[in-house]
1. Identify, from the list A:Asp83, A:Asp91, A:Asp72, the residue that is open to solvent by 60 Å² or more (accessible area, probe 1.4 Å), within 25 Å of A:Gly123 (Cα to Cα) and not aliphatic (A, V, I, L, M).
2. Among the residues of the stretch B:40-63, what is the count of those that are touching a Leu at 6+ places or on another chain (Cβ under 8 Å) and open to solvent by 10 Å² or more (accessible area, probe 1.4 Å)?
3. Give the residues of the stretch B:99-115 that are within 14 Å of chain A (Cβ to nearest Cβ) and either surrounded by fewer than 21 Cβ atoms within 10 Å (Cβ to Cβ) or at positive phi (or both), sorted by residue number.
4. Which of the residues spanning the stretch A:75-98 are more than 7 Å from chain B (Cβ to nearest Cβ), under 18 Å from B:Asp91 (Cα atoms) and not hydrophobic (A, V, I, L, M, F, W, C)?
5. What number goes with the only condition from (1) closer than 16 Å to A:Val186 by Cβ; (2) open to solvent by 10 Å² or more (accessible area, probe 1.4 Å) that A:Met23 does not pass?
6. Of all residues being of a type in the set (A, V, I, L, M, F, W, C) and part of a loop (DSSP other than H, G, I, E, B) in the stretch B:154-203, which is nearest to B:Asp126 (Cα to Cα)? Just the residue, please.
7. I'd like to know if the stretch A:157-179 contains one or more residues that are free of Cβ contacts under 8 Å to residues at least 60 places away in the same chain, out of contact with any Ser or Thr (no Cβ under 9 Å at 6 or more places or on another chain) and over 22 Å from A:Asp5 (Cβ atoms).
8. Please name all residue pairs, on different chains or six or more residues apart, with Cβ atoms under 7 Å, provided the first residue is in the stretch B:110-134 and is among the acidic types (Asp, Glu) and the second residue is in a loop (DSSP other than H, G, I, E, B).
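The values are calculated or read from the model by the stated rules, or taken from the named source; none is laboratory data. Since we're looking at a predicted model, the values are computed, not measured. Here the Cβ is made from the backbone with ideal geometry for all residues, glycine too, and neighbour counts use every protein chain on show. The protein model used for the area step is the full one, side chains on, heavy atoms only, and it has no ligands, DNA or RNA in it. Shrake-Rupley method; radii C 1.70, N 1.55, O 1.52, S 1.80 Å.
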Protein chains: 2
Amino acid sequence: MHAIDLSVYLVLDPDLCGGFRGMIDTALAAAQNGATVVQLRAPKWKKRALAECARELKTGLAPFHVPLIINDHADVCAAVKADGLHIGQEDLSPADARAVIGPDCILGQSVSNAAELKAVDVGLVDHIGIGPIYSTATKTDAGPQLGIEGFAKLASHKPCPVVAIGSVKATMAAELFAAGADGLAVVSAICGQPDPGLAAKQLAQAVFAAKAAQAKLSSCSQIP
Amino acid sequence: MHAIDLSVYLVLDPDLCGGFRGMIDTALAAAQNGATVVQLRAPKWKKRALAECARELKTGLAPFHVPLIINDHADVCAAVKADGLHIGQEDLSPADARAVIGPDCILGQSVSNAAELKAVDVGLVDHIGIGPIYSTATKTDAGPQLGIEGFAKLASHKPCPVVAIGSVKATMAAELFAAGADGLAVVSAICGQPDPGLAAKQLAQAVFAAKAAQAKLSSCSQIP
């Protein structure tokens, strides 16, 4: 298992960020302001551009110790030696993905229902994304929205750390951490915002407050 | 260098073949009738389906000793242990691709002009595809058509074996081999034909006749 801090998980979107340069700028502004993970996701891009962007992100994020995760493309992940790969249910199987990225790379997987959650192989997968919490324009092939209740139901059976994803906003942090989230994954809450750094800071503050409240609750509940 | 017989190089097209099952059937019919290489190319497909199709093709082609080449996706190639990978100019760089597929895998690269040809690194790349000979509906992002003359001009500087691609038909075999081709790569000359096996056989016969004519010419030219 590769434990990383999933608290504030930024998924980049090239359209919202305004292309290659906008993705780099958004990622660095977010990392400077509390993002703990950055994922490069550009499903319409060719691999040459993805690898170039990934290398620039990796270099830029290194001083912040923020891991870079590549969406879908295990080959790009392996070629640029990114920290991790994130796969969906139609991407390479976890076993195939592991064969390409090796044992030391972080592997995340998306699940959207109980059957997919049950099938998660924690011998291969380090963490999961559960969603969509609410339907989203940034991923049109996502399953039906779960709502906070649906998320809580799935998260109560989580076999490994979990991020909530799908139109997630800072205002939902308390509810989602109470429902079992280990982190919030966002796209449009940061990408394309007037000030992505400020948006990341506000999200990070909401997440830290929610985590502190959870920690207090759980320590109280341990008093006999 | 990994030498393979490029003579009759089939590039599968899922739309023309009628989907997954049609691709398998077309590949096997072609292999039974003289195709010497099969490439899996399905740019709109997700990797899970690609890997599944690749595994079925690999198993099906093995008895014919016909190598399976994967288009673009080095990760799928590595995961299914295909014989080779084929990359375009916007796919992973040859160095990145080699890093993923390893030294023993075949690597082909597409080139469409003199600058791209000059940049081919034969320390990494085993063979090249030069095209499009004529413009084609099966690859809308291809460069301007070269014609036989344009192909001949490029092929005269070939640093490694070369296949001609782009609306190539059996009737062009003599001209293209005379112009320096080591093989003909086809999509619609086989995929979607009423009888793909027969189409492959006719192409293979034209190629063998063209190669025999070339061999005779070159042996005559060596007589002092």
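1. Only one candidate qualifies: A:Asp83.
2. Summing the residues that are touching a Leu at 6+ places or on another chain (Cβ under 8 Å) and open to solvent by 10 Å² or more (accessible area, probe 1.4 Å) in the stretch B:40-63 gives 4.
3. Within the stretch B:99-115, B:Ala99, B:Gly102 qualify.
4. A:Lys81
5. (2)
6. B:Cys160
7. yes
8. B:Glu116/B:Gln89; B:Asp126/B:Met1; B:Asp126/B:His2; B:Asp126/B:Cys160
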